[in-house]
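A.B. asks: I have a structure here, written as structure tokens, and I will follow up with some questions on it.
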Amino acid sequence: MSKKVLVATEKPFAKDAVAAIKKIGGEAGYEIVLLENYTDRNDLLKAVADADAMIIRSDIVNAEVIAAANQLKIVVRAGAGYDNIDLAASKERGIVAMNTPGQNSNAVAEAVFGIMLNLARRNYSGKSGTELRGKKLGLHAYGYVGRAVNAIAKGFGMEVFAYDPFVDKDKMKAEGVNPVDSVEALYTTCDYISLHIPKTKETLNSINYDLLSKTKKGATLINSAREEVIDEPSLLKIFEERKDFFYGADVAPKCREELSQKYPDRCFFTAKKLGAQTEEANNNAGIAAIKQIINFLEKGDTTFQVNK
Ligand code: 3PG
């Protein structure tokens, strides 16, 4: 009997990406089963029961899903952030968890510029706006997405700064980025700050009042990372206090309605999280995911494992 790969995507991949996953998986002798647009968690629990491998996006793979996965050997998050996988529970069961770093980063970086331009032009309301050229852009973390944002920023004529204690400063400099020594320095220096930090215990609510109040006059914060890294009471407070503060997010806060109503020209939120929702990104991440599964199941290749 062929091994089963479940593609469980509440937010489905583009059609081409699904076709590519089916083709590559099929040629390697795997059965690809789709569970798309599901709204009931029970559907996921049922579908995972006889899966040998699973491809997900932001889909939650918690201890309950792990417990229901009787023969799962690997779960691949087709994307960067893996905060949606219970790493401890999967490790305990001997299930390998992986991500596909870099595969969707250009899509997210382009979305960041879409949001920045929207805010710079006051949501195209007809009001006079500003330009990106000559402005200082601060990258809060310099991973794949930060790098892709930097590459695009050059075309806009922006001066780029970055804070990332895990990245070599010489590497940043070689890519035309000014490294800064502290997160505070980034927030006091830059006109635009773009968040690229993962959601971890350390980063949860870490963008707080203290940090936000250090931003320059007219500063814009862009969040294409995770909703939970922002401390929402702090965000509301800074909006109230500072008529010159702008915020745009692909991962909208719970207070999005309140902000949109009170400050329509100073905030912008995508309809739903769509930074990585392009055909290209879905293809890249989906194909990488199925190849990683095959390489693991056939050859034991654990490159990209995140729960070692
Ligand atoms: C990621 O971590 O790769 C991005 O946040 C994209 O998430 P998505 O696959 O849910 O669009």
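A.B. asks: How about the range 168-233: which helices (runs of 4 or more DSSP H) wholly inside it have at least 2 residues that are in contact (Cβ under 8 Å) with a residue 12 or more places away in the chain?
C.D. replies: On the way: elements: 169-174, 183-189, 209-212.
The helices (runs of 4 or more DSSP H) meeting that bar are 183-189, 209-212.
A.B. asks: Picking from G146, G134, G126, which residue would you name as being within 16 Å of the ligand (Cβ to nearest atom), closer than 29 Å to L195 by Cα and among the small types (G, A, S)? So that I can check it myself, show each step before the final result.
C.D. replies: Details: G134 fails: within 16 Å of the ligand (Cβ to nearest atom); G126 fails: within 16 Å of the ligand (Cβ to nearest atom).
None of the others qualify; the one that does is G146.
A.B. asks: Let me ask something additional. Could you grab me the full set of residues in the range 276-302 that are without any contact (Cβ under 8 Å) to a residue 40 or more places away in the chain and part of a loop (DSSP other than H, G, I, E, B)? Before you say what the answer is, go through the steps one by one.
C.D. replies: The first filter runs over the range 276-302 and keeps only residues without any contact (Cβ under 8 Å) to a residue 40 or more places away in the chain, leaving 295, 299-301.
Within the range 276-302, G300, D301 qualify.
A.B. asks: How about the range 41-81: which of its residues are in contact with a helix residue (DSSP H, G or I) (Cβ under 9 Å, 6 or more places away or on another chain), among the acidic types (D, E) and either at positive phi or more than 16 Å from the ligand (Cβ to nearest atom) (or both)?
C.D. replies: D52, E64
A.B. asks: Let me ask you something else. If you go through the range 205-231 one residue at a time, how many are open to solvent by 60 Å² or more (accessible area, probe 1.4 Å) and within 16 Å of the ligand (Cβ to nearest atom)?
C.D. replies: Selection size over the range 205-231: 1.
A.B. asks: Report, ordered by the first and then the second residue, all pairs with beta carbons closer than 6 Å, sequence separation of six or more or different chains, a first member in the range 1-15 that is closer than 12 Å to I56 by Cβ, and a second member that is buried (at least 17 other Cβ atoms within 10 Å of the Cβ) and among the basic types (K, R).
C.D. replies: T9/R57; K11/R57
A.B. asks: Can you tell which of P253, P198 is open to solvent by 20 Å² or more (accessible area, probe 1.4 Å) and farther than 30 Å from E31 by Cα? Write out each step before concluding.
C.D. replies: Details: P253 fails: open to solvent by 20 Å² or more (accessible area, probe 1.4 Å).
After ruling out the rest, the residue left standing is P198.
A.B. asks: Does F268 satisfy being away from the ligand (no atom under 13 Å from the Cβ), touching a Leu at 6+ places or on another chain (Cβ under 6 Å), open to solvent by 50 Å² or more (accessible area, probe 1.4 Å) and on the phi < 0 side of the Ramachandran plot?
C.D. replies: Details: away from the ligand (no atom under 13 Å from the Cβ): yes; touching a Leu at 6+ places or on another chain (Cβ under 6 Å): yes; open to solvent by 50 Å² or more (accessible area, probe 1.4 Å): yes; on the phi < 0 side of the Ramachandran plot: yes.
So F268 passes the test.
The values are calculated or read from the model by the stated rules, or taken from the named source; none is laboratory data. Keep in mind it's a predicted model, so treat the numbers as computed, not measured. We place every Cβ from the backbone using ideal geometry, glycine too, and count neighbours over all the protein chains shown. Accessible surface is based on the protein model in full, side chains and every heavy atom, while ligands, DNA and RNA are left aside. Shrake-Rupley method; radii C 1.70, N 1.55, O 1.52, S 1.80 Å.
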